[in-house]
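Student: Got a structure here, written out as structure tokens. Questions coming.
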Amino acid sequence: MGDFLKGISSFRGAVFPNHSAHYRKLAREGQQPHALMISCADSRVMPETITQSGPGDLFVCRNAGNIVPPFSTLNGGVSSAIEYAILALGVSDIVVCGHSDCGAMKGLCHPEMLAPMPNVAAWLRHSHAAYSIVCQAYPDDLSETDRVRAVAMENVVVQLDHLKTHPSVAAKLATNEITLHGWFFDIGTGEVQVYDGALATFTEVQEGEPLPVAITGRDHPHVMPRVAATLGGE
């Protein structure tokens with residue numbers, strides 16, 4: 001805790017004075033973040049650092065395994081953060097960010113590790129589909145490191161599917177007002193891979209190139225015109 005106190009003192013004395021005008025503006029006008037990022041609570045994964053975001057730029061929700069429970073499952077912190085980010089803050093982008101060497105994904109691969117942690121085991125049921133995909137569709141001779149990495153990547157895709165079950169997300173997708181992104185952060189290299197929904201694969205981020213996206217509103221065409229036409233013809 002002594003290091004934290006030193007950090008607070010340094011922030012107040014050396015950092016805050018150079019950004020005080022910006023903080024006063026945020027305090028006066030409120031926050032207007034550009035995106036919601038749902039990332040793992042792992043202390044090595046820092047969304048603001050990875051994206052080099054400043055105060056007010058990024059609305060962050062962190063939990064073990066960067067999980068998004070399906071809407072019908074429970075009303076909790078993640079669901080509330082999603083709803084608030086979309087309906088109150090008006091974010092137009094949501095990022096689900098997984099990472100290498102994820103302890104939650106290791107727990108999925110080795111359920112015995114979760115025996116003394118029943119709450120964690122129950123939480124990770126929302127990622128079982130990712131583990132099943134790797135067990136059934138990947139080679140049996142994957143190394144432990146590659147298996148955990150594969151589960152973590154598949155988990156990002158699974159959580160994106162869960163996001164679409166949330167009414168606030170579904171409505172914004174239907175009106176093409178929101179875009180969903182899947183990212184994977186490699187702790188050891190600093191590399192960020194992005195899920196390309198059109199290719200159904202993760203690709204490296206290329207500076208100057210358009211950022212691949214996982215899901216856009218165009219993936220959810222309106223049915224209303226067809227319904228209206230049907231009603232009009234009756």
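The values are calculated or read from the model by the stated rules, or taken from the named source; none is laboratory data. What you see is a predicted model, and the numbers here were worked out from it, not measured in a lab. Because the Cβ atoms are built from the backbone with ideal geometry, glycine has one as well, and the counts that use them run over all protein chains shown.
Student: With respect to Val205, determine if the residue is crowded, with 21+ Cβ neighbours inside 10 Å and out of contact with any Phe, Trp or Tyr (no Cβ under 7 Å at 6 or more places or on another chain).
Tutor: no
Student: Out of (1) surrounded by 15 or more Cβ atoms within 10 Å (Cβ to Cβ); (2) assigned to a loop (DSSP other than H, G, I, E, B), the odd one out for Val60 is which?
Tutor: Result: Val60 passes all but (2).
Student: If you go through the stretch 43-54, how many residues are surrounded by 13 or more Cβ atoms within 10 Å (Cβ to Cβ) and touching a helix residue (DSSP H, G or I) at 6+ places or on another chain (Cβ under 9 Å)?
Tutor: 1
Student: Also: Going residue by residue through the stretch 18-28, is there one that turns out to be under 27 Å from Ser100 (Cα atoms) and modelled with pLDDT under 95?
Tutor: No, there is no match, as no residue in the stretch 18-28 is under 27 Å from Ser100 (Cα atoms) and modelled with pLDDT under 95.
Student: Filter the stretch 159-216 for residues that are touching a Ser or Thr at 6+ places or on another chain (Cβ under 6 Å) and either of a type in the set (D, E, K, R) or outside the structural domain of Glu83 (by TED's automatic domain parsing) (or both) and give the result.
Tutor: If the condition is that a residue be touching a Ser or Thr at 6+ places or on another chain (Cβ under 6 Å) and either of a type in the set (D, E, K, R) or outside the structural domain of Glu83 (by TED's automatic domain parsing) (or both), then Asp186, Asp196 are the ones that fit.
Student: Tally up the residues in the stretch 69-95 that are assigned to a loop (DSSP other than H, G, I, E, B) and touching a residue at least 60 places away in the same chain (Cβ under 8 Å), please.
Tutor: Number satisfying all stated conditions: 6.
Student: Sticking with this structure for a sec: Scan the stretch 125-177 for residues that are over 19 Å from Ala81 (Cα atoms), out of contact with any Gly (no Cβ under 8 Å at 6 or more places or on another chain), part of a loop (DSSP other than H, G, I, E, B) and in contact (Cβ under 8 Å) with a residue 24 or more places away in the chain and report the count.
Tutor: 0
Student: In addition: Report the residue count in the stretch 36-46 for those that are over 20 Å from Pro69 (Cβ atoms) and either touching a strand residue (DSSP E or B) at 6+ places or on another chain (Cβ under 9 Å) or among the acidic types (Asp, Glu) (or both).
Tutor: Total meeting the criteria: 2.
Student: Is it the case that Ala122 is loosely packed, with under 15 Cβ neighbours inside 10 Å, assigned to a helix (DSSP H, G or I) and either over 14 Å from the mean Cα position of the chain (by Cα) or modelled with pLDDT of 95 or more (or both)?
Tutor: Yes: the conditions hold for Ala122.
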